[in-house]
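Let me begin by presenting the structure, written as structure tokens, before commenting on it.
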Amino acid sequence: MNRTELGVRLGVSPMSVSRWERSISEPDAAHLIKLGNLANVGSDGCWEFWNLAGLSIRDIVKVLPVAEKRLRRTIPILEIVNAGARKSLRKPSEDSLVAIPFLNVVAAAGTEKGSSDHDLMKARSENIIAAPRLWCPNPAHTVCMRVKGTSMEPTLLDGYIIVVDERQNEKKKLNGKMIVAHHEKFGLVVSRFWHIKNSDLLISENRSHDPVPFTPAWRVVGKVLWWIGESLEG
């Protein structure tokens, strides 16, 4: 559409559109949201406009459910078939496999900073891991990432792969559970979440690391379901 048509859609003059195009001025948050609405949901353009308006993906999917539906990765069901067996016509069951995205992000376990991007729906997949359907209660909301650091030893070693369910993010249901959390300063972090004496804390398995208060600056990304790693013994 031309400047006049775009201006009509946004409720501004063609001159205002021209000034935006030439970087003389910038649209305010309300007009950035409208620009995002005009783009196709799930495209880079819509998220760029909405992010400039100060909205996160979590904010957007609350008011625009179709955005989450289009953003969520389609998780294929992989049926377990024995060599030489004929293709089964039965529906996917608990003994089927699901393909879990292995994201190009890391969760810090220690003093190093984890990946800064907490919007995992936008993170790039570098591979997939096939896992039993029974191990993944919410396949469309489950991702894999690598651990960096030693604060979760001996349970998690540096380089382990953790599987995270983003659907399970309610603090009241996560007491004593291993989680991935996010902080603007520290990025993605893997730790145990504990509610002790009216205080929320992130406590490492390696007790040489001090507990970290879970302040409002933190948010739960998801629960760690299970992990993959190689034993150092033997």
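So, by mean Cβ neighbours within 10 angstrom, what's the order for 170-179, 17-26 with the highest one leading? Don't skip to the answer; put the middle values down first.
Working: 170-179: 14.1, 17-26: 12.1.
Packing order, densest peptide first, comes out as 170-179, 17-26.
Quote the relative contact order of region 127-168 in percent (integer), defining contacts as alpha-carbon pairs under 8 Å separated by 6+ residues.
Here the relative contact order equals 40 percent.
Relative contact order for region 81-228 using alpha-carbon pairs under 8 Å, separation at least 6, rounded to a whole percent? List each step's numbers first, then the result.
Values: 334 pairs, mean separation 35.4, N = 148.
RCO, region 81-228: 24 percent.
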The answer for ARG219, listing residues at least 5 apart or on another chain whose modeled amide H is closer than 5 Å to its amide H, is HIS182
Give me a comma-separated list of calculated 3J(HN,Hα) values for region 180-191, in order, Karplus coefficients 6.51, -1.76, 1.60 applied at θ = phi - 60°, integers in Hz, x for any Gly or Pro. 10, 10, 10, 9, 4, 7, 9, x, 7, 9, 10, 6
³J(HN,Hα), Karplus 6.51/-1.76/1.60, whole Hz, each residue of region 27-36, x for Gly, Pro: x, 7, 4, 4, 6, 5, 5, 5, 4, x
Part-to-part distance (alpha-carbon centres) for region 134-155 and region 10-33, which is given in Å: 43
For SER25 and GLU184, calculate 0.36 nm times their separation in residues minus their Cα-Cα distance, and state this gained length in nm to one decimal. 54.4 nm
For labels at ALA217 and THR4 in the simple 7 Å Cα→Cβ model, what's the distance in nm? 5.3
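Every number here is computed from the coordinates shown, using simple stated rules; none is lab data. Just so it is clear, the model here is predicted, and its values are computed rather than measured. Heads up, the Cβs are rebuilt from the backbone with ideal geometry, glycines too, and the neighbour counts pull from every protein chain shown.
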